[in-house]
Amino acid sequence: MSEYRKLAFVGTVGTGKSTIVRTLSEIEVIDTDRASTVDIGKEFTTIGIDYGRIALGDNMALGLYGVPGQSRFSMLWDHVNRSLWGLAFLVKYSESPDSDSLLEVIDFFQPVANDIPFVVAVTHADQADDDSLESFCTVFQEILTSRSLPAAVMAIDCTSRDSAMSIPLYINAMHRARENA
Amino acid sequence: MQALACIGAKMATELKRLSYVSRSVADDTSSVPAELTAIVIQSLRFNHAHGITGFLTWRNGYYFQALEGAAQTVETLYEKIANDNRHYQTAVVWSENGIQERIFSGWRLKLWSASLTCSEVNRYIQLYADRFDSLDEEIQRRLSKIFQLDLIFSSEPGDLPDRHAIFNYEFRLQALPSVFGLTGQHPYCIDVLTSLLAGWTSPAQLTAQFNLSPDELHELLSRNEVNSLLLKRNAESNQDNRGMCDKGTFGELSHNRSFYDRLRSVFMGSHK
């Protein structure tokens with residue numbers, strides 16, 4: 001492989017980081033899921049980085065990294081920040097989404113200054129009706145606008161390859177749009 | 001007694017539109033209120049069950065909401081809203097009984113960003129614009145803070161961006177929340193909207209590039225119309241071997257290969 005880039009999925013507990021890496025990866029995913037010691041609504045949770053990979057022809061491989069979204073894990077953010085090709089912030093659809101974590105991620109990775117395509121992916125949205133989902137996305141779009149960050153907010157089904165592929169497709173399109181600008 | 005019964009019956013059927021302004025409890029007035037998502041999702045449920053329509057917007061630490069529905073329901077709802085501890089300093093801006101029709105008939109509760117324009121809100125603003133001067137000065141001040149189009153009109157008065165620039169900006173903003181929000185978006189849609197987002201192309205260029213009429217492009221940006229339009233165009237382009245997908249970012253993709261293979265070919269194409 002002559003080129004290796006990273007696509008990071010950052011999100012708090014239960015947003016679907018491990019699932020999306022598993023869905024997209026061509027190799028067996030190396031994960032750090034461990035049994036939860038407190039009740040967080042699921043049996044296992046990610047305590048480190050999930051790692052998967054997509055080979056892109058003979059010349060490029062894309063590393064897929066699922067990284068915890070809390071700022072106390074910023075040493076892991078440091079690790080994925082080198083050679084970062086794209087950054088997806090995963091947020092679970094709910095009445096109380098974690099927008100503070102989004103701001104921390106934006107402040108750390110500085111997507112505009114570092115020219116990293118960014119996307120907010122709304123997960124677990126299958127129970128939301130269209131109006132609620134649109135409003136949810138509008139709120140996050142406004143948060144991005146308040147940080148002068150032009151990026152998409154898209155709803156993703158982490159278990160569906162086609163749906164999950166929207167993220168690398170979008171990020172690739174952003175790269176190509178810049179090349180053509 | 002009979003008169004009271006008549007009033008009660010009238011209240012039950014009469015349509016009312018009530019608008020209010022309030023302050024968010026959020027300390028940071030420059031950011032999006034943390035409670036906003038919960039307010040909207042809860043309101044959508046309530047409004048659907050009680051025949052309420054309208055829109056909610058916020059900016060600079062203030063909320064503004066217009067409610068339409070049966071007079072008694074609107075009044076009861078406003079009392080409940082005024083006592084909600086997620087905002088304060090609630091004040092009625094306009095309250096009108098006996099309205100002939102709803103402006104927001106299709107909106108259970110539209111979360112409207114003040115940086116965008118849309119026909120329903122424009123109609124509402126036009127309807128009430130001439131009553132603005134008669135409002136209390138404090139309410140006028142709050143409304144100015146909410147409805148200022150600071151994102152678009154950031155330059156000094158007299159040095160406003162031209163209409164084309166404004167149109168482009170609005171166009172891109174409109175595209176983002178309503179279209180990307182659909183789960184499992186069609187890749188062509190991502191292609192079109194990324195072009196807009198990146199400022200790569202103007203709407204006029206886009207209509208030519210993707211072989212869409214201006215009306216179709218507007219339709220494309222309307223919620224729930226996106227996939228059906230794109231699929232229709234896609235089917236047409238397959239039939240006559242021309243159309244939007246021939247010229248887009250993903251134009252070289254073959255429909256016979258898997259989605260994943262197509263992605264791979266896009267990457268290989270971009271790294272030749």
Self-check item: Solvent accessible area, Å² - A:His79, 1.4 Å probe, full protein context
Solution: 80
Practice problem: On the full set of protein chains, 1.4 Å probe, figure out the accessible area of A:Leu169 and give it in Å² to the nearest 10. | Solution: 10
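Placing +1 at every Lys and Arg Cβ and -1 at every Asp and Glu Cβ, with all other atoms neutral, what dipole size does segment A:53-181 have around its Cα centre, in debye to the nearest 20? It would help to have the intermediate numbers written out before the result.
Values: 8 positive and 17 negative charges, 132 e Å.
The calculated dipole for segment A:53-181 is roughly 640 debye.
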Practice problem: Rounded to whole Hz and in sequence order, give me ³J(HN,Hα) for segment B:100-111 from the Karplus expression 6.51 cos²θ - 1.76 cosθ + 1.60, θ = phi - 60°, writing x for Gly and Pro. | Solution: 7, 8, 7, 7, 10, 4, x, 10, 4, 6, 8, 8
Self-check item: Amide H partners (placed H, <5 Å) of B:Lys110, local residues excluded
Solution: B:Gly54, B:Phe55, B:Leu56
Quiz prompt | log10 of Debye I(q)/I(0), alpha-carbon scatterers only, for segment A:89-181 at 0.23 Å⁻¹ | solution = -1.28
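How high is the relative contact order of segment A:65-181, in percent, with contacts defined as C-alpha pairs under 8 Å that are six or more residues apart? Could you put the intermediate results ahead of the total?
Numbers: 112 pairs, mean separation 29.9, N = 117.
Here the relative contact order equals 26 percent.
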Quiz item: A:Tyr93 accessible area, nearest 10 Å², 1.4 Å probe?
Solution: 40
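What average number of partner chain Cβ atoms lie no more than 10 Å from the Cβ of the residues making up A:127-133? Before the final figure, lay out each step's value.
On the way: counts 0, 4, 5, 5, 12, 10, 6.
Neighbouring Cβ atoms belonging to other protein chains average 6 per residue here.
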Quiz item: Could you give me the ³J(HN,Hα) list for segment B:73-89, computed from phi with Karplus coefficients 6.51, -1.76, 1.60 and θ = phi - 60°, whole Hz, x at Gly and Pro?
Solution: 5, 5, 5, 4, 5, 5, 4, 5, 4, 4, 8, 6, 7, 8, 8, 8, 6
Quiz item: With solvent modelled as a 1.4 Å probe, how much accessible area in total do chains A and B shield from it at their shared surface, in Å² to the nearest 100?
Solution: 4400
Exercise. Can you figure out the FRET efficiency of B:Arg45 with B:Glu138, using R₀ = 35 Å and their beta-carbon distance, to the nearest 0.05?
Key: 0.60
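The values are calculated or read from the model by the stated rules, or taken from the named source; none is laboratory data. Only a predicted model underlies this, so the values are computations on that prediction, with no experimental measurement involved. Backbone-built Cβ (ideal geometry, glycine too); neighbour counts: all protein chains shown. All accessible areas refer to the heavy atoms of the entire protein, side chains included, with ligands and DNA or RNA removed. Shrake-Rupley method; radii C 1.70, N 1.55, O 1.52, S 1.80 Å.
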